[in-house]
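Have a look at the structure below, then the notes.
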Amino acid sequence: MGSLVIVMVVVVLSFVGGPVASRVLGHNGFDQFPYAANITQKPVGPLSVVPALNNSAGMLPSGDLAPPPKGTPDTLLVFGADGPVGRDEFIRVLDGGKTSLEIAVGGALIALLIGLPLGAVGGYVGGIGDAIVSRITDTIMAFPLMLFLVFASVQLDAHIRGIGISWWLPDGVIAEALLIGLFTSFYPTRLIRAQLFQLREAEFVEAAEMVGASRWRTLRSHLLPHLVPTILVWSAVAVATNILLEIGLSFIGAGVQVSTATWGSLLSTTWGTLFQPQTYNSQQFTPWQTAFPTVAVLISVVSLNQLSEGLRQALDPFKGR
């Protein structure tokens, strides 16, 4: 229950926190404040108050900035700035959580939509269908998952990568969720297949077939309800895993556009990618740029894993026997 509460809080903060914080603070996560970084391009730290001069062109300070005009209002950066361009780290962590969760949940749903029918064919129908499903999943499992994702992401057409719906689904979210879902669908396929192998020999299945129930009716009315606990447990683990996959893709340079805030892009912007790493420089970086996204990822992933374990114990049909 504790993990469920934490997960719900993370979801609410991610999807509602960004707009609320933008309204309260008077700026959003895309506004760039030149006074939020010093001459060495080191961003300010938490609870910093800077002049509310929005540098929409994104020009970095090349020297000592002139004092702001008199009467210039100030604005609060709760977590400080995310880098030399001076964007609000607090709002970008919230917006990044929304995008990362959209990718993670979307990938899990797509994997389930693919894995459920394939697992049903393999586990309940059997025969040639099971042989085909087994060979497909075995083949996919034999290749490195991250290599598949990087190759597919790099080869994505620009029109597919550019699919988005305003702030709610930024560009690249649908494409990355689709990729993760496609290449992780063998997990629910194997899981559902194994579960149906056991259930199809149960007495209630034999009873349904004896009274004339079709295979589709038996699967829909008698077998699928028994798969719900397994699907719920897997879903919590899958979302946590997909969050880490999104971060991995960002560090490889195959994630969503850099301008779109995700937990992975926030970390990769600070530390660079695998092919263009950035060494830590105390004159240009602050530990807060790494700490806040990392803590958000840690809380979310650990809570989802603990929620999965709690669901497994609560929904275990053999518990107490």
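The values are calculated or read from the model by the stated rules, or taken from the named source; none is laboratory data. Please read all numbers here as calculations on a predicted model, not as lab measurements. Cβ placement follows ideal geometry from the backbone for every residue including glycine, while neighbour counts extend to all protein chains displayed.
Identify all residues within region 190-222 that are surrounded by 11 or more Cβ atoms within 10 Å (Cβ to Cβ) and of a type in the set (A, V, I, L, M); write none if there are none.
Listed by number, the residues that qualify are Leu191, Ile192, Ala194, Leu196, Leu199, Ala202, Val205, Ala207, Ala208, Ala213, Leu219.
Look at Leu145 and say whether it is assigned by TED's automatic domain parsing to the domain that holds Thr218, at pLDDT below 75 and within 25 Å of Thr230 (Cα to Cα). Steps first, answer last, please.
Details: assigned by TED's automatic domain parsing to the domain that holds Thr218: yes; at pLDDT below 75: yes; within 25 Å of Thr230 (Cα to Cα): yes.
Judged against the criteria, Leu145 is a match.
Among the listed residues Gly45, Gly106, Gly96, identify the single one that is closer than 25 Å to Ile299 by Cβ and outside the structural domain of Thr262 (by TED's automatic domain parsing).
Answer to the check: Gly45.
Taking Leu298 and the conditions (1) modelled with pLDDT of 90 or more; (2) surrounded by 15 or more Cβ atoms within 10 Å (Cβ to Cβ); (3) more than 29 Å from Gly123 (Cβ to Cβ), which numbered condition does it fall short on, given that it satisfies the others?
The failed condition is (2).
Which of the residues belonging to region 22-41 are under 19 Å from Pro68 (Cα atoms), surrounded by fewer than 21 Cβ atoms within 10 Å (Cβ to Cβ) and in contact with a Ser or Thr (Cβ under 9 Å, 6 or more places away or on another chain)?
Correct list: Gly26, His27, Ile39.
Does region 248-265 hold any residues that are among the small types (Gly, Ala, Ser) and on the phi < 0 side of the Ramachandran plot, and which are they?
Passing the criteria: Gly248, Ser250, Ala254, Gly255, Ser259, Ala261, Gly264, Ser265.
Regarding Val105, is this residue more than 21 Å from the chain's Cα centre (by Cα) and either at pLDDT 85 or above or over 27 Å from Leu149 (Cβ atoms) (or both)?
no
Out of the residues in region 111-143 meeting the condition of being buried (at least 20 other Cβ atoms within 10 Å of the Cβ) and within 24 Å of the chain's Cα centre (by Cα), tell me which one is nearest to Glu176 (Cα to Cα).
Ala111
Restricting to region 28-40, and then to whatever is over 25 Å from the mean Cα position of the chain (by Cα) and part of a loop (DSSP other than H, G, I, E, B), can you tell me which residue is nearest to Thr72 (Cα to Cα)?
So the residue we want is Phe33.
Please enumerate the residues belonging to region 276-296 that are free of Cβ contacts under 8 Å to residues at least 60 places away in the same chain and either assigned to a helix (DSSP H, G or I) or among the β-branched types (Val, Ile, Thr) (or both).
Result: Thr279, Thr290, Ala291, Thr294, Val295.
For region 229-275, which residues satisfy the criterion of being among the β-branched types (Val, Ile, Thr), free of Cβ contacts under 8 Å to residues at least 24 places away in the same chain and either buried (at least 20 other Cβ atoms within 10 Å of the Cβ) or more than 21 Å from Leu169 (Cβ to Cβ) (or both)?
Scanning region 229-275 gives a single hit, Thr273.
Which residue, of Val44, Val78, Val85, Val49, is touching a strand residue (DSSP E or B) at 6+ places or on another chain (Cβ under 8 Å), surrounded by fewer than 14 Cβ atoms within 10 Å (Cβ to Cβ) and modelled with pLDDT of 80 or more? Give the derivation first.
Values: Val44 fails: surrounded by fewer than 14 Cβ atoms within 10 Å (Cβ to Cβ); Val78 fails: surrounded by fewer than 14 Cβ atoms within 10 Å (Cβ to Cβ); Val85 fails: surrounded by fewer than 14 Cβ atoms within 10 Å (Cβ to Cβ).
One residue alone meets the criteria, Val49.
What number of residues within region 172-213 satisfy the criterion of being part of a loop (DSSP other than H, G, I, E, B) and touching a helix residue (DSSP H, G or I) at 6+ places or on another chain (Cβ under 7 Å)?
Residues that pass the stated criteria total 3.
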